[in-house]
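Participant: Please see the structure below; I have some questions.
Each reported figure results from applying straightforward, stated rules to the coordinates on display, with no laboratory input. Fair warning: this is a prediction, and the values are worked out from it, not measured in the lab. Neighbour counts run over all protein chains shown; Cβ positions are idealised from the backbone, glycine included.
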Amino acid sequence: MDQSKIPVRYGKALFLLGKEKGILEELYREIQMLAEFFQNTPAVAPYLKSPLIKMQTKKDLFSKHLKDALSDVTLRFIDLVISNKRERYFPDIFRNFIQFYKADAGIKTLVLTTAVEMDDAMKRMVSLSFDKKNNVRHELVTRVKPSLIGGFMLQADDMLYDASIATELKRLKKELTGQVLEKTAKKQDQSQTKKIGQNK
């Protein structure tokens, strides 16, 4: 089997199961939590990939330590993935499940990038403003990028609104550079014209 299709197949299978049982919202919250767990705990992925770790030990990581946070459906799914020796695909499986869920629910991902961390009140204001203007459900993802200096960048699908100070400075630099080059070119033309006049 094409290895790139494995995460898609498992992610879709879990999505369809959740839809059939009417528990998609619950699964979505749990898969989001697991995706964040993997992202915030880098040691987990290498641990699960290691052939030195027994299969049951890998299962115990979830069944014992995350038992209270996960439903029986999610725990059985995790058990199946590990039994089939596909645990190295967990991050991609979670990502695919989330994509299937969002596409089905019509949820857009709104990425807000700022130079410094935004407080919750500001995040809510951005979310409400986006909902009001676009009339669609969305999920706000915030990122911090100090190189922006100030301002922000807002991206939703193919739309990108860049109101960062860094971009404005680049625009001004380009504009000023163009003006300098234009003035230099005019001076060279005037000098050349003067020389031609003197030669006559």
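Participant: Keeping to segment 61-75, report how many residues are exposed (fewer than 13 other Cβ atoms within 10 Å of the Cβ) and assigned to a helix (DSSP H, G or I).
Facilitator: Number of matching residues: 3.
Participant: Do you know which residues across segment 24-49 are small (G, A, S) and surrounded by 13 or more Cβ atoms within 10 Å (Cβ to Cβ)?
Facilitator: A35, A45
Participant: For segment 10-56, which positions are among the charged types (D, E, K, R) and within 24 Å of E139 (Cβ to Cβ)?
Facilitator: K12, K19, E20, K21, E25, E26, R29, E30, E36 - these are the residues of segment 10-56 that are among the charged types (D, E, K, R) and within 24 Å of E139 (Cβ to Cβ).
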